[in-house]
Each structure stands twice: as structure tokens, then as C-alpha cells.
Amino acid sequence: QSGNTFGLDLVRQVAARDARPNVVLSPLSASMALGMALNGAGGATFDAMRSALGFGTLSQAEINDSYRSLLELLTGLDPQVRFDIANSVWANKDVPFHAAFLQAVQAAFEAKVESRDFADAATLKAINDWVKANTGGLIEKILDQLDPSMAAILINAIPLQEARLSSEI
């Protein structure tokens, strides 16, 4: 229920601010990325993010367990349907990250975690290559450049699969 509420609120706010006739938005992707970021938040920031995501008074461990369960549910609903979710955290090697944060996003979100030099063009290529691979080539490039002062990039991808209907339906 909290995921649905978050998603509908997000779509409502984006639609109110973006006058373009066609906007593609994945509330699940936004929730996953914010859920990963929540693992690095504390105090009032944690409380505000947890509230925005609709998690009430749940602890970080309970929230991570919820995301882990959601990933398992969505990817295992129907063995006849392929549904993939990919998460990644690209950490700037010049910014110190707590190992607990990186371990939490790997465990709860099955995230690929890499510490890279954001001033190196190879990092930009690696991120774009990951996005291309994890969207089935539908998104060839997500970034044109990297700001070396950024701390991290958190990405969620839900590749669209070609729908095939069985003649037995």
C-alpha cells in the first residue's frame, strides 16, 4: 500500500510540473533508488525519506527486508514471464562510504556496487554500458558526462520485455 501511495503521489507531482504530453516514469524505479539511498541516511533525513516512501515507523532493517521481499515477489510471480530488476550503486572513489551501506544495498537490493574514479572517462563508459546491458539495449546511454564532485550514482533498471501471447490463451 505504501508503494502504491508513493507511486501515485510521485506521478501526480510530476504531471503537475511537466507539461510534456508524454512522460515515462517508473514509481518502482524511483522507490528502489530512494530505498537504496535510505541506507546512507540518518536522523531527520532518514525520517523524511522514510515518511516520503510511506514506511511509517519501520526500521531500516524492516524496510530493506520489504524491498528484498518485493524483489523476490516481482521476479518470481510467474515462471512463464521474465521480469528483471537491476540496481547499481556507483560510488566516487574519492568519497568515503561506510562498508555497511554498500553491503546493505548489495544484500537488500541485489545491487552491483562499484567504487570508481568519477574523473575517468572509463567510469562514464562503464555506467552507460551497465545501463545498456540492463535495459536490453533500450537505453543506450544515460549520462553524457560525470561531475567528479558527485558522491554517488544510484540506478534502477526494469528492462521491458517483448510480450508474447500464447496461442493457448
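The values are calculated or read from the model by the stated rules, or taken from the named source; none is laboratory data. This one's a predicted model, so the numbers in the text were calculated from it and none came from an experiment. When we count neighbours, we look across all protein chains shown, and the Cβ atoms used for this are built from the backbone with ideal geometry, even at glycine. For accessibility, only protein heavy atoms count, side chains too; no ligands or nucleic acids. Shrake-Rupley method; radii C 1.70, N 1.55, O 1.52, S 1.80 Å.
Okay, here's what the table says:
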quantity: Cross-link partners of Lys125 among aspartates and glutamates (Cα-Cα below 13 Å; sequence separation of 8 or more within a chain); calculated: Asp117, Glu140, Asp144
quantity: Rg(Cα)/(2.2 N^0.38 Å) for the chain, N = residue count; calculated: 1.11
quantity: Proximal charge balance of Phe118 [Cβ under 15 Å; K/R count +1, D/E count -1]; calculated: -3
quantity: Most to least packed among 85-92, 150-157, 18-25, 52-59 [average Cβ atoms within 10 Å]; calculated: 85-92, 150-157, 52-59, 18-25
quantity: Heavy-atom accessible surface of the chain: percent carbon and sulfur, 1.4 Å; calculated: 54
quantity: Virtual spin-label span in nm between Ala107 and Lys93, 7 Å along Cα→Cβ; calculated: 2.7
quantity: Cβ-defined net charge surrounding Tyr67, 13 Å radius [Lys, Arg +1; Asp, Glu -1]; calculated: -2
quantity: Net lengthening on full extension, Asp18/Asn128 (0.36 nm per residue, minus Cα-Cα); calculated: 37.0 nm
quantity: Shape category assigned to the range 69-116 from the gyration tensor of Cα positions, a/c cut at 1.5; calculated: prolate
quantity: Accessible area (Å², per residue) of the chain, counting only protein heavy atoms and a probe of 1.4 Å; calculated: 63
quantity: The range 1-157, dipole about Cα centre (Lys/Arg Cβ +1, Asp/Glu Cβ -1), debye to the nearest 20; calculated: 240
quantity: Expected 222 nm ellipticity per residue - DSSP helices of 4 or more, -39500 (n - 2.57), all of the chain, to 500; calculated: -15000 deg cm²/dmol
